[in-house]
Amino acid sequence: MSPMEPGEIEPLNELDEPVGRAARLRKLAARVDSQPSLLTAAERLRERLPGDARFGDPLSMAGEQPIELVARGMSSLRPRRKSVVQELGLAGLQVWQSFSEATGRGHGDLELAILFTDLAGFSAWALKAGDAAALELLRDVGTSVETTIAEHGGRIVKRLGDGVMATFLVPQEAVEAALDAQAAVAGIEVAGYRPRMRAGIHWGSPRKLGGDYLGVDVNIAARVSDAAKADQVLVSDVLLARIDQEGLSTGRSKRLRADGAPRDLHVVRICRQ
């Protein structure tokens, strides 16, 4: 038998044992799957396809939607080397994600109300009250706030210790949810302590990545919430212009002085009459 040339694939011998043939087939498949030219072609294909060409990193898969669960399952099987098969699989998920965005599920051009809540003074109280009481309070508050958000058509994006981030398609519902949640939290008492919730709401077009939302409008919503005092719901002037204020009372408009917030952005305290 003549010696093999460099890069030549050794042919299978019909007399090989089945186990030996299977091992050689796996080795052959692995060599093809990691061919540099095929990898380059797969990566270039992903760059030309619609959607996020970098889909598959931890940030883009951090959610509970079917596409993110599938992507995490694929990622858990990732070989130590680069894989053509995996690149093609992620390409399919990339297109799937793009189609989902095009139908209104997560596209960066979709306008949303972004709500942040937290408990004023919770950390200081928790240090004195202890873990058991703090956990009981967080469970009661979490149930009240998340139930109220769901009742108003909101979606919990993530839980932030003693607060949440949520999104709403309807700005009016975001305001009603915040006010209802605040009233519900005010009725909770644990170890003689009554929590005081604060909230901030902004209207914008955040960029969805995996199960999270990122971008300037998310940062602004967080700054609006940070500016709120205990028992206050603050809204940006952008959101205020999009709601019916009948039955609501508003305070004096103030410029939001915070890093990352536009200089011309104003916030207003809002409550029920």
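A few notes on this one:
- Neighbours by Cβ (under 6 Å, 6+ apart or cross-chain): first from the stretch 227-251, in the same structural domain as Phe168 (by TED's automatic domain parsing); second surrounded by fewer than 14 Cβ atoms within 10 Å (Cβ to Cβ) and in a loop (DSSP other than H, G, I, E, B): Gly247/Gln273; Ser249/Gln273
- All positions within the stretch 185-206 that are part of a strand (DSSP E or B) and closer than 12 Å to Ile114 by Cα: Ala199, Gly200, Ile201, His202, Trp203, Gly204
The values are calculated or read from the model by the stated rules, or taken from the named source; none is laboratory data. Since the structure is predicted, the reported quantities are computational estimates derived from the model, not experimental observations. Please note: Cβ atoms are built from the backbone with ideal geometry, for glycine as well, and neighbour counts cover all protein chains shown.
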